[in-house]
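The values are calculated or read from the model by the stated rules, or taken from the named source; none is laboratory data. Owing to the predicted nature of the structure, the values given are computational and were not obtained by experimental measurement. A quick note on method: Cβ atoms are made from the backbone with ideal geometry, for glycine too, and the neighbour counts reach across all protein chains shown. All accessible areas refer to the heavy atoms of the entire protein, side chains included, with ligands and DNA or RNA removed. Shrake-Rupley method; radii C 1.70, N 1.55, O 1.52, S 1.80 Å.
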Amino acid sequence: MSPVTMISNERQARETAALIEQIGEALSSEQTLKSIVEGLPREVIDGVRRSLSTERQELAEILAAYQNAKEGDFELLKRKAENDLGEVLIVARIAKDWSQKDLARKLGLREQAIQRYESERYRSISLAGYIRVARALDVTGAVDGYRDH
């Protein structure tokens with residue numbers, strides 16, 4: 001399974017598209033695949049082929065979810081986020097058509113701070129920081145019941 005679970009910016013989208021293309025080339029070129037699996041039993045070669053195909057499909061779905069969200073259809077991206085609170089914030093930012101830089105400006109932070117938070121899916125942010133980001137993005141369900149102290 002791919003380590004990529006969600007695309008949160010254009011750079012990641014480009015990198016994922018390039019990876020999908022590389023996997024496609026490896027699958028379509030016997031020479032490329034041969035260099036990867038040379039000398040291995042047929043069952044292993046078939047397993048590698050299946051694994052690469054699955055990886056390509058998963059990456060294509062993740063990329064499609066991001067691209068659809070950029071066009072206003074957030075359903076796939078929301079499903080990918082499920083109940084991950086960090087990914088909910090990323091989906092909310094994309095739904096607002098804000099870049100990471102836009103969110104950083106709104107919060108008075110550097111863009112790199114938002115990039116770091118999003119790369120970690122907001123795992124390292126404090127509760128007060130999470131609430132602040134959620135409010136900036138108008139994600140009221142994520143902060144219901146909490147008050148700033």
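Modelled with pLDDT under 90 and either at positive phi or open to solvent by less than 80 Å² (accessible area, probe 1.4 Å) (or both): is that true of A128 in this structure? It would help to see each step written out before you state the result.
Details: modelled with pLDDT under 90: no; either at positive phi or open to solvent by less than 80 Å² (accessible area, probe 1.4 Å) (or both): yes.
So A128 does not fit the description; no.
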Condition met for E75 (at pLDDT below 95 and more than 19 Å from R14 (Cα to Cα)): yes
Those residues of region 61-92 which are assigned to a helix (DSSP H, G or I), open to solvent by less than 50 Å² (accessible area, probe 1.4 Å), within 20 Å of Y130 (Cβ to Cβ) and not β-branched (V, I, T), in sequence order: L77, A81, G86, E87, L89, A92
First in region 74-90 and within 12 Å of R123 (Cα to Cα), second anywhere and open to solvent by 100 Å² or more (accessible area, probe 1.4 Å), Cβ under 8 Å, 6 or more apart: G86/R123
Unmet criterion (only one of (1) part of a helix (DSSP H, G or I); (2) within 16 Å of the chain's Cα centre (by Cα)) for I7: (1)
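From the set of residues in region 102-120 that are part of a helix (DSSP H, G or I) and farther than 13 Å from S8 by Cα, which is most open to solvent (accessible area, probe 1.4 Å)? Step through it out loud before you land on a result.
Filtering region 102-120 down to residues part of a helix (DSSP H, G or I) leaves 102-107, 111-119.
Then drop every residue that is not farther than 13 Å from S8 by Cα, which leaves 102, 104-107, 111-113.
Numbers: D102: 60, A104: 2, R105: 161, K106: 127, L107: 12, E111: 61, Q112: 115, A113: 21 Å².
Checking each candidate, the answer is R105.
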Where a residue in region 24-42 is loosely packed, with under 10 Cβ neighbours inside 10 Å and its partner, wherever it lies, is assigned to a helix (DSSP H, G or I) and at pLDDT below 70, with Cβ under 8 Å and at least six apart: none
